[in-house]
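In what follows, a single structure is set out as structure tokens and then discussed.
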Amino acid sequence: MIVEVKVCGITNKKDAELILNAGAKYLGFILFKKSPRHISIENAKLIFDKLDNFVYSRVAVDVCPTPEKVISMKEVGFNYFQFHFPLDFDPEKIRQWSELVGPSNLWLAPKISPSNSFPESLLDLANTFVIDAYSKDKFGGTGNTSDWNSFLSFQKDYPSKKWVLAGGIGPRNVVQAIQMTNPSIIDLNSRVESQPGIKDKEKIETVFKFISDL
């Protein structure tokens, strides 16, 4: 594959196995309680404890988590930590995340509207950045397509960082998304589901076939 794939919103072992067999490198577990794809830290661990036969990375996904919750994520064995937050979020708390898990393991997902430039103050705190579809009321999982032009601009301006393209990517647009933006990682979620938190086998297999054919 020319791009690494993360599938987010994992809620059960069956979906996890389907996705890993298809070729994903990352599984994302959403720990944010307001998400329709929410899973507890304990239940996430129950799933990935049963996936010993696979080589993959576990991504904890949350919105503005407390330091105590981040420590719990580390203790159960998450490899990476994808944290969403508004642009006016306390920078000291973001720095605290970076210190707790390390910049190489932190994936920052700032909520950036099309009218905002990338907040350069974040660059020293993480090696990986997630660009998702902007929504005034939500943090990801909207099914809307993100601003690919902004993604391209950020990636061009800061080429030393890894860039994750998220937001409304599925069978209909995955090829176009990859060809246009050439991301380090592509993030799939709502557009490969039959309902929130339940992945669709046909959509998953179709997306991965399209990617492998590129």
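The values are calculated or read from the model by the stated rules, or taken from the named source; none is laboratory data. Computed from a prediction, not measured in an experiment: that's the story for all the values here. Cβ coordinates were reconstructed from backbone atoms using ideal geometry, including for glycine residues, and neighbour counts include every protein chain displayed. We work out accessible area using only protein heavy atoms, side chains counted, and drop any ligands, DNA or RNA first. Shrake-Rupley method; radii C 1.70, N 1.55, O 1.52, S 1.80 Å.
Taking the Cβ-Cβ separation of Asp213 and Ser104 as r and a Förster radius of 25 Å, what is the calculated FRET efficiency to the nearest 0.05?
FRET efficiency, Asp213 to Ser104: 0.20.
Step through the residues of region 108-119 one at a time and calculate ³J(HN,Hα) from phi using the Karplus curve (6.51 cos²θ - 1.76 cosθ + 1.60, θ = phi - 60°), rounding each to whole Hz and writing x for Gly and Pro.
With coefficients 6.51, -1.76 and 1.60, one gets 8, 10, x, 7, 10, 6, x, 8, 9, 7, 6, x Hz.
Go ahead and set up a Gaussian network model of the chain, Cα springs under 10 Å, then flag whichever of Phe81, Phe89, Phe129 fluctuates most.
Phe89
I'd like the distance separating the alpha-carbon centroids of region 36-63 and region 65-139, in whole Å.
18 Å
If we sort 110-117, 53-60 on the protection proxy, mean other Cβ atoms within 10 Å, highest first, what's the order?
Final packing ranking: 53-60, 110-117.
Modelling each spin label as a point 7 Å along the Cα-to-Cβ direction, I'd like the Leu123/Asp49 distance in nm, to one decimal.
Inter-label distance under the simple model: 4.3 nm.
Of (i) 47; (ii) 24; (iii) 29, which one was derived for percent of Cα pairs over 27 Å apart from the structure shown?
The value computed from this structure is option (ii).
Over the heavy atoms of Cys8, what accessible area does a 1.4 Å probe trace out, to the nearest 10 Å²?
10 Å²
Test of understanding: in a Gaussian network model of the chain with alpha carbons linked when under 10 Å, which of Asp200, Asp88, Asp147 would top the mean-square fluctuation ranking?
So, out of Asp200, Asp88, Asp147, the one fluctuating most is Asp88.
How far, in nm, would the chain grow between Asn149 and Lys25 when pulled straight, counting 0.36 nm per residue and subtracting the alpha carbon separation?
Here the answer is 42.1 nm.
Compute the relative contact order of region 1-90 as a whole-number percentage, counting only Cα pairs closer than 8 Å that sit 6 or more residues apart in sequence.
It rounds to 26 percent for region 1-90.
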